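First the structure, in the form of structure tokens, and then the observations on it.
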């Protein structure tokens, strides 16, 4: 195999690696941005022990009284909306970066 036949494989591998890295980076940004607000929101609704319990296992919400369940779900819904907003911003940035890479004339490798 010569060098020109290896270049597309290396390029595809790099694209896949950056895709995974970008997904991990986006997930970590969303997690860092929303964990604090989720914890603060839950502390405003239920106590410290219940907050730790709910953050450990979300199915423990069902053990709360119905009025607290509704308020806890509202906190989770608000946090989810924040996550989606951040991810939309990341997606818009990706479209912009992709548009910057557009070339009118394709690059063709010759053997």
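Is there a residue in the stretch 17-31 that is free of Cβ contacts under 8 Å to residues at least 24 places away in the same chain, over 30 Å from residue 101 (Cβ atoms) and surrounded by 11 or more Cβ atoms within 10 Å (Cβ to Cβ)? Before you say what the answer is, go through the steps one by one.
Taking the stretch 17-31 and keeping what is free of Cβ contacts under 8 Å to residues at least 24 places away in the same chain, we get 17-21, 23-25, 27-28, 31.
Pick out the ones that are also over 30 Å from residue 101 (Cβ atoms) and you get none.
Checked against the condition, which is being free of Cβ contacts under 8 Å to residues at least 24 places away in the same chain, over 30 Å from residue 101 (Cβ atoms) and surrounded by 11 or more Cβ atoms within 10 Å (Cβ to Cβ), the stretch 17-31 yields no hits at all.
Just one of the numbered conditions (1) free of Cβ contacts under 8 Å to residues at least 60 places away in the same chain; (2) surrounded by 11 or more Cβ atoms within 10 Å (Cβ to Cβ) is not true of residue 96; which one?
Residue 96 satisfies all of (1) free of Cβ contacts under 8 Å to residues at least 60 places away in the same chain; (2) surrounded by 11 or more Cβ atoms within 10 Å (Cβ to Cβ) except (2).
How about the stretch 51-88: which of its residues are loosely packed, with under 11 Cβ neighbours inside 10 Å and over 20 Å from residue 37 (Cα atoms)?
The answer is 62, 65, 66, 67.
Listed residues 9, 91, 14; which is modelled with pLDDT of 85 or more, surrounded by 10 or more Cβ atoms within 10 Å (Cβ to Cβ) and part of a helix (DSSP H, G or I)?
Testing whether each residue is modelled with pLDDT of 85 or more, surrounded by 10 or more Cβ atoms within 10 Å (Cβ to Cβ) and part of a helix (DSSP H, G or I) leaves just 91.
The values are calculated or read from the model by the stated rules, or taken from the named source; none is laboratory data. Nothing here was measured: the structure is a model prediction, and the numbers come from that model. Please note: Cβ atoms are built from the backbone with ideal geometry, for glycine as well, and neighbour counts cover all protein chains shown.
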